[in-house]
1. Among the residues of region 72-100, what is the count of those that are of a type in the set (D, E, K, R), part of a helix (DSSP H, G or I) and without any contact (Cβ under 8 Å) to a residue 40 or more places away in the chain?
2. Filtering region 101-114 down to residues that are in a helix (DSSP H, G or I) and either of a type in the set (Gly, Ala, Ser) or more than 18 Å from the chain's Cα centre (by Cα) (or both), which residue is surrounded by the most Cβ atoms within 10 Å (Cβ to Cβ)?
3. Would region 4-14 turn up any residue that is part of a helix (DSSP H, G or I), surrounded by 18 or more Cβ atoms within 10 Å (Cβ to Cβ) and modelled with pLDDT under 90?
4. Only one of these is polar (S, T, N, Q), surrounded by 14 or more Cβ atoms within 10 Å (Cβ to Cβ) and modelled with pLDDT of 90 or more: 42, 26, 61. Name it.
5. Count, please, the residues in region 128-144 that happen to be out of contact with any Phe, Trp or Tyr (no Cβ under 9 Å at 6 or more places or on another chain), part of a helix (DSSP H, G or I) and either surrounded by fewer than 14 Cβ atoms within 10 Å (Cβ to Cβ) or polar (S, T, N, Q) (or both).
6. How do the pairs read when you match residues in region 126-144 that are more than 16 Å from residue 85 (Cβ to Cβ) with residues anywhere that are exposed (fewer than 13 other Cβ atoms within 10 Å of the Cβ) and modelled with pLDDT under 95, using Cβ under 7 Å and keeping only pairs 6 or more apart or on different chains?
7. Take region 86-97 and flag every residue that is of a type in the set (Val, Ile, Thr) and crowded, with 17+ Cβ neighbours inside 10 Å.
Amino acid sequence: MAERLESLKAGIIGGLSLCFAFAIASFLNTLVLAKYFQTLASLQSDVNWHLWVSGAIAFFSGLLFGVTYRYIIRSDKNPQLKAGGVLAFGLVRGLTQIELGWNSHSTILPFVVLAFESVLWFGIAAFAVDIAIQLRWLKPFSSI
């Protein structure tokens, strides 16, 4: 039961950090990128229910990532495991976005930006889980 509680805490930390990264990226896309780069104007969106659904999806993705990342890294200090976990989640989400852009027959650049953001988001979530483990708010999964 203690391991399940730690996994839940890792999931909440991952979910909140990914949701925070999503909010910052949405803010930057709307106020900075879309205004200065006309090609990226399709990233601009108003606050509506689509944004709320995207935020909920980001939180849920972060929750799943946090739980999985805790099991991936265990007590190891292997940077390849950490990077592999981040890239696995980030590229699955990002490459799906690129494929969507490719199939929509529109400019692919906004979708490449979104793919890069996806990898960055999961990197932020991994950083948050690592910090929580270092601060002993969260226990790493034991390899035994």
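1. Step one: filter region 72-100 for residues of a type in the set (D, E, K, R), giving 74, 76-77, 82, 93, 99.
Now drop any that are not part of a helix (DSSP H, G or I), which leaves 82, 93, 99.
Retained after the next criterion (residues that are without any contact (Cβ under 8 Å) to a residue 40 or more places away in the chain): 93, 99.
Qualifying residue count for the region: 2.
2. Of region 101-114, the ones in a helix (DSSP H, G or I) are 101-103, 109-114.
Right, trim to either of a type in the set (Gly, Ala, Ser) or more than 18 Å from the chain's Cα centre (by Cα) (or both) and you get 101-103, 109.
Numbers: 101: 20, 102: 11, 103: 9, 109: 14.
Top of the filtered list is 101.
3. no
4. 61
5. So the count comes out to 1.
6. Within 7 Å, the pairs are 142/75.
7. Within region 86-97, the subset of a type in the set (Val, Ile, Thr) is 86, 92, 96.
86 - this is the single residue of region 86-97 that is of a type in the set (Val, Ile, Thr) and crowded, with 17+ Cβ neighbours inside 10 Å.
The values are calculated or read from the model by the stated rules, or taken from the named source; none is laboratory data. The structure presented is a predicted model; accordingly, all values stated were derived computationally and were not measured. With ideal geometry, Cβ positions are generated from the backbone for all residues, glycine too; neighbour counts draw on all protein chains shown.
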